[in-house]
Amino acid sequence: MLMKKFLTYCTLFALPIIISLAILEVIVGQIPNSYSYKYNYIKTNGPQIQAIAIGHSQLYDGFKPESFCIPAFNLCNSSQNYVDNYYLIRELLKDMPNLKVVIMPIGYMSVEVTKADSSLTDRSCYYHKYMHLDYDGRVPLRYRFECFDPLRAWDKMKSYYLDHLDIIGCDSMGRRSTHYLRDRKHPLGYDGLLEKYTERENKYQKFHLKDGHYLVKTIQILCDNNISVVLVSPPYYWDCGFDGINWDQKAFLKNYVDKLCKKFPVLYLDMESDSTFTYNDFFNETHLSEIGAEKFTRRLGEEVRKSVLHQ
């Protein structure tokens with residue numbers, strides 16, 4: 001009798017919480033976002049796309065599809081890693097039958113010392129929910145529903161329904177729409193991003209490329225489908241007062257890319273230290289502004305036209 005009463009009380013206590021979380025999940029799921037926008041764009045316009053950029057925020061900011069040499073789309077997002085890229089290609093490749101070129105970032109900030117397993121990040125929630133990535137069934141329960149992070153869900157609702165902010169965060173061709181020069185609040189170097197991505201913790205400096213085996217698997221899929229792969233190191237603003245470059249870290253990257261290019265028919269473009277990108281080409285020291293994106297994409301297009309498309 002006591003056990004039955006206890007279970008009844010537990011049910012009465014839990015039921016309102018479960019109902020509230022379910023309602024929160026439904027409401028948050030109706031808010032536009034870059035993940036659902038990009039997924040639906042590919043599903044609708046896939047046959048017209050001949051090139052995509054796929055990867056983290058450097059290309060999310062830096063690749064402007066309208067300025068590329070062939071019809072293109074920006075399939076990048078903030079903190080999108082090689083694991084996400086791999087599953088996105090697996091999910092969406094069939095929807096882009098005329099795809100010729102895939103552009104992916106690789107650079108100084110991709111090199112790490114502390115090797116970790118390819119565990120999924122909290123952003124896998126969005127890829128799972130809005131882009132239907134199953135990650136081979138590896139998505140943990142806490143990442144399957146946005147309502148399990150109620151503070152972030154409430155903040156998302158507030159931004160959309162009360163503050164009327166740009167929740168989608170990208171323009172019609174997928175490039176980030178919130179990193180324009182007018183939005184830059186501090187001088188370059190203020191964020192300390194180059195220092196953040198410079199490895200200093202391990203005196204033995206045993207480097208690796210974060211989730212590099214997923215990059216290799218992605219390249220293999222694309223090569224098997226006769227799709228050209230372009231790896232690019234986007235520009236950094238090294239003149240921001242940062243003088244602590246780890247040259248061993250840069251040397252590791254060069255050797256890693258050289259091995260990739262020997263194993264696969266990959267075009268590599270190194271613009272990381274390109275001095276023709278100046279102050280107003282950058283939003284911060286590691287991300288391009290709209291001016292820099294135009295310059296970067298046109299130069300990328302010229303190289304692809306010449307070296308990949310042979311036009």
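Below are the figures for this structure:
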| item | result |
| --- | --- |
| Qualifying residue in the range 247-256 (condition: within 10 Å of Leu188 (Cβ to Cβ) and buried (at least 19 other Cβ atoms within 10 Å of the Cβ)) | no |
| Which listed residue, of Ile103, Ile70, is in contact with a strand residue (DSSP E or B) (Cβ under 7 Å, 6 or more places away or on another chain) and surrounded by fewer than 18 Cβ atoms within 10 Å (Cβ to Cβ) | Ile70 |
| Residue in the range 285-300 that is surrounded by 15 or more Cβ atoms within 10 Å (Cβ to Cβ), under 23 Å from Tyr180 (Cβ atoms), touching a residue at least 40 places away in the same chain (Cβ under 8 Å) and over 20 Å from the mean Cα position of the chain (by Cα) present | yes |
| Residue check for Ser273: within 24 Å of His179 (Cα to Cα), of a type in the set (S, T, N, Q) and either touching a Ser or Thr at 6+ places or on another chain (Cβ under 8 Å) or touching a residue at least 40 places away in the same chain (Cβ under 8 Å) (or both) | no |
| Residues being closer than 14 Å to Leu222 by Cβ and either under 12 Å from the mean Cα position of the chain (by Cα) or acidic (Asp, Glu) (or both) - total across the range 56-90 | 5 |
| Given (1) of a type in the set (A, V, I, L, M, F, W, C); (2) touching a residue at least 12 places away in the same chain (Cβ under 8 Å); (3) closer than 28 Å to Asn45 by Cα; (4) surrounded by fewer than 17 Cβ atoms within 10 Å (Cβ to Cβ), index of the condition Leu181 fails | (3) |
| Index of the failed condition, Ala153 passing every other in (1) in a helix (DSSP H, G or I); (2) out of contact with any Cys (no Cβ under 8 Å at 6 or more places or on another chain) | (2) |
| Count of the range 126-141 residues which are open to solvent by less than 10 Å² (accessible area, probe 1.4 Å) and outside any loop (DSSP other than H, G, I, E, B) | 2 |
| Elements of type strands (runs of 3 or more DSSP E) in the range 202-309, at least 1 residues being closer than 23 Å to Val101 by Cα | 228-233, 266-270 |
| Helices (runs of 4 or more DSSP H) lying entirely in the range 32-119 (those with 2 or more residues that are modelled with pLDDT of 95 or more and more than 26 Å from Phe252 (Cα to Cα)) | 34-45, 82-92 |
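The values are calculated or read from the model by the stated rules, or taken from the named source; none is laboratory data. Everything numeric in this text was worked out from a predicted model, so none of it was measured. Note: ideal-geometry Cβ built from the backbone for every residue, glycine included; neighbour counts use all protein chains shown. These area figures cover heavy atoms from the full protein model, side chains too; ligands, DNA and RNA do not enter into them. Shrake-Rupley method; radii C 1.70, N 1.55, O 1.52, S 1.80 Å.
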